[in-house]
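Q: Sharing a structure with you now.
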Amino acid sequence: MINYKEKLHPIKAFVFDFDGVMTDGSVWMYADREAVRCGNIKDGFAVQYAVKKGYIVAVISGATSPSINNRMESLGVKQIYTGCAHKMETYNHFLQVNGLLPEQVLCMGDDLPDYEMMQHCGVAACPADAAVEIKEVADYISLYPGGRGCVRDVIEQTLRLQGQWFHPEALTW
């Protein structure tokens, strides 16, 4: 069996579910039907850093909310797919549009709708609190739960391995 870190070498793109990965899965419901989610600032930093370094970052989510688009757009993510009833169709479209092979993509999901997509990528990752079935197909289970650093974890590991993570000597203040 190949160590998941070996599979990180060809990664050029990250695909994340939103609720349960970018957030802790909690949704606060208000009387006006607006749903509020809570994300992690360090996850957000890693996403925008990966985008600035030239990696393709996408969200494929079953949920639909302006807050998802607002958050991801603020981080520089341009490929935001929400309301996806069949994530595999969207994932295949994502691969085709970006000219990517499955082995060039790290997918991170936390629940059953992510299962098939995670079986067809280079590295399947999940948060520490993912569903049992997702953990069974994951190449890597983060030490961090959804919305609490799991996104930063996989991005940082990938970029460090590829020599793209932060280098203090490169600072130009």
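The values are calculated or read from the model by the stated rules, or taken from the named source; none is laboratory data. In this text, all values refer to a predicted model and were calculated from it rather than measured experimentally. Cβ sites come from the backbone with ideal geometry, for glycine too, and all protein chains shown count toward neighbours.
Q: Just name the residue that is surrounded by the fewest Cβ atoms within 10 Å (Cβ to Cβ) out of those in the range 1-41 that are under 12 Å from residue 68 (Cβ atoms) and of a type in the set (D, E, K, R).
A: Going through the qualifying residues, I end up with 37.
Q: Filter the range 117-155 down to the residues that are among the hydrophobic types (A, V, I, L, M, F, W, C) and touching a Lys or Arg at 6+ places or on another chain (Cβ under 8 Å), then identify the one that is nearest to residue 13 (Cα to Cα).
A: Among residues in the range 117-155 that are among the hydrophobic types (A, V, I, L, M, F, W, C) and touching a Lys or Arg at 6+ places or on another chain (Cβ under 8 Å), the one nearest to residue 13 (Cα to Cα) is 123.
Q: Separate question: When residue 67 is evaluated against the numbered criteria (1) in contact with a helix residue (DSSP H, G or I) (Cβ under 9 Å, 6 or more places away or on another chain); (2) among the small types (Gly, Ala, Ser); (3) surrounded by fewer than 18 Cβ atoms within 10 Å (Cβ to Cβ), which criterion, by number, is the only one it fails?
A: Here residue 67 clears every test but (1).
Q: Show the residue pairs that are 6+ apart or on different chains and have beta-carbon atoms under 6 Å apart, the first residue being within the range 50-79 and at pLDDT below 95, the second being of a type in the set (Asp, Glu) and outside any helix (DSSP H, G or I).
A: 63/19
Q: Taking the criterion of being of a type in the set (D, E, K, R) and in contact with a Gly (Cβ under 9 Å, 6 or more places away or on another chain), would at least one residue in the range 147-156 satisfy it?
A: Among the residues of the range 147-156, at least one is of a type in the set (D, E, K, R) and in contact with a Gly (Cβ under 9 Å, 6 or more places away or on another chain), which makes the answer yes.
Q: Another question, then. Which number in (1) over 17 Å from residue 155 (Cβ atoms); (2) at pLDDT below 95 marks the one condition that residue 93 misses?
A: Tallying (1) over 17 Å from residue 155 (Cβ atoms); (2) at pLDDT below 95, residue 93 fails exactly one: (2).
Q: Additional query: If a residue must be part of a loop (DSSP other than H, G, I, E, B) and either surrounded by 17 or more Cβ atoms within 10 Å (Cβ to Cβ) or of a type outside the set (D, E, K, R) (or both), how many such residues does the range 71-111 contain?
A: Final tally of qualifying residues: 14.
Q: Looking at this structure, is residue 141 in contact with a strand residue (DSSP E or B) (Cβ under 6 Å, 6 or more places away or on another chain), at pLDDT 95 or above and not aromatic (Phe, Trp, Tyr)?
A: Yes.
Q: In the set 21, 36, 27, which member is closer than 14 Å to residue 63 by Cα, among the hydrophobic types (A, V, I, L, M, F, W, C), within 19 Å of the chain's Cα centre (by Cα) and at pLDDT below 85?
A: Checking each option against the conditions leaves just 27.
Q: Next up: For the range 142-159, which residues satisfy the criterion of being under 16 Å from residue 105 (Cα atoms) and without any contact (Cβ under 8 Å) to a residue 24 or more places away in the chain?
A: Passing the criteria: only 153.
Q: Quick one: residue 154 ticks every box in (1) out of contact with any strand residue (DSSP E or B) (no Cβ under 6 Å at 6 or more places or on another chain); (2) within 16 Å of residue 42 (Cβ to Cβ); (3) among the β-branched types (Val, Ile, Thr) except a single one, so which number is it?
A: With respect to (1) out of contact with any strand residue (DSSP E or B) (no Cβ under 6 Å at 6 or more places or on another chain); (2) within 16 Å of residue 42 (Cβ to Cβ); (3) among the β-branched types (Val, Ile, Thr), residue 154 is out only on (1).
Q: Another one. Tally up the residues in the range 132-161 that are basic (Lys, Arg) and in a loop (DSSP other than H, G, I, E, B), please.
A: Matching residues across the range 132-161 total 1.
Q: Before we move on, is residue 11 in contact with a strand residue (DSSP E or B) (Cβ under 7 Å, 6 or more places away or on another chain), of a type outside the set (Ser, Thr, Tyr) and either part of a loop (DSSP other than H, G, I, E, B) or more than 19 Å from residue 134 (Cβ to Cβ) (or both)?
A: Yes; evaluated as a whole, the condition is true for this residue.
Q: Taking the range 33-63 only, how many residues are hydrophobic (A, V, I, L, M, F, W, C), in contact with a strand residue (DSSP E or B) (Cβ under 8 Å, 6 or more places away or on another chain) and over 21 Å from residue 91 (Cα atoms)?
A: The number of residues fulfilling the criteria is 3.
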